[in-house]
Amino acid sequence: MSNFKIVLEENIGKILNNLQIGIKIPILPEFNKYIYETFMNYNVKALLMQENKQVVGITILFSDNEILFFGFFGILNHSKDKIQFLTNTLIEFAREKEYKLIRGPVNIPIIIFGFGFMEEGSNKQIWIGKPINPPLYQKILLKNGFYVKYVEDTYLAKLNRFDLEKLQLNFDEFEYINVNRETLKKYLPRMIELHMNNMPDYSQITPNTPENVKTLFDYIFDHGKSYMVWVVKYKPTNKIVATGHMAPNPFMKDKNGNLNSVSFEHLVVDKEYQGKGIAVFIYSKTMELAIDPKGNGLKFATGSYGKDNKKIISYIKNYMDGKLERRHVILEYNFLKSEEIEKFKLEPFQSEI
């Protein structure tokens, strides 16, 4: 271990030069501006691990109050000893700075690079927001006092147009509205409110700063289509009761180079309006725009949800023929060692693809 050295790097350019070590998702040149914006917003630093003056490992760091977040946790050639060394350094850094929790990996901007360590048996096809790594990483962190904080399952579905008339549900009181760059400002406060009030605490992984939200939607509007962000209004009260968005997947296109796959990032329905088929209403309206009557347009989508989100998973399976294809876990370390920590019990993962 004597040849290993850790450098705390604050220069974003130098961090970016080594960032690919920590993620298998390609860091395309057009992604750089979103990385810079997000890293600046979160005041990101990095632990660069060197061996004989060569950078062989990296993890980024950013914080929110008493939580130290880490991400892009990677080692060249995935050496067990080097992963252990970087793990030790991460824990000691957080201890010295007196953080109460360490949480990650969170690979900001999440809409591009996602979060979590991938579970063994998952689909390893490159996809937006779906990190890929060998299971050795989480195994080492778990042996060093980390525990599973959050489990997210990803489903893959073939997309198609859906006729609402086949359902015995009435959506006359609801209005589907596409949100574009110009109208985002009007709807964004309510979109954030819906997310904060209707998603469980354990699913709110990162600080949700307005600046980070801006970066998220900049990516969608720059690289996606007009149908990729939406809200639903309940007409009798003129209230927005649901929202969601998709992320374009640049790593899978048709033979003509056109976008044909996306990742469903969020679908949030106000608790008062859940159970009324609004998810089906949204899917039908979105696919009318994304797929023409001849079937041209989007072909595939992934959707990632907390593994215990039974309602949305049932919808994905029943209405979109979704198949479980990946699982990611967020880990946490607690310096207080409380016995009251909520932990997930992991069962062996099996892809349905």
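What's the total number of residues in region 139-156 that are in contact with a helix residue (DSSP H, G or I) (Cβ under 8 Å, 6 or more places away or on another chain) and among the β-branched types (Val, Ile, Thr)? Final tally of qualifying residues: 2.
For region 97-111, a residue qualifies if it is surrounded by fewer than 23 Cβ atoms within 10 Å (Cβ to Cβ) and either touching a His at 6+ places or on another chain (Cβ under 6 Å) or among the basic types (Lys, Arg) (or both), and the qualifying residues are Lys97, Lys100.
Would you check if Asn197 is closer than 21 Å to Lys271 by Cα, within 27 Å of the chain's Cα centre (by Cα), modelled with pLDDT under 90 and polar (S, T, N, Q)? Steps first, please.
Values: closer than 21 Å to Lys271 by Cα: yes; within 27 Å of the chain's Cα centre (by Cα): yes; modelled with pLDDT under 90: yes; polar (S, T, N, Q): yes.
Against the criterion (closer than 21 Å to Lys271 by Cα, within 27 Å of the chain's Cα centre (by Cα), modelled with pLDDT under 90 and polar (S, T, N, Q)), Asn197 qualifies.
Out of Glu342, Glu352, one residue alone is outside the structural domain of Ser263 (by TED's automatic domain parsing), modelled with pLDDT under 75 and not small (Gly, Ala, Ser). It is Glu342. In the set Ile126, Ile132, Ile177, Ile140, only one residue is more than 30 Å from Ile25 (Cβ to Cβ) and at pLDDT 95 or above; that residue is Ile177. Taken over region 306-328, the criterion of being surrounded by 17 or more Cβ atoms within 10 Å (Cβ to Cβ) and modelled with pLDDT of 85 or more is satisfied by Gly322, Leu324, Glu325, Arg326, Arg327, His328. When region 129-183 is filtered for residues that are among the basic types (Lys, Arg) and touching a residue at least 40 places away in the same chain (Cβ under 8 Å), the ones remaining, listed by number, are Lys130, Lys149, Lys158, Arg161, Arg181.
The values are calculated or read from the model by the stated rules, or taken from the named source; none is laboratory data. Predicted model, so just to flag it, every value in this text is computed and none were measured. Cβ: placed from backbone, ideal geometry, glycine included. Neighbour counts: every protein chain shown.
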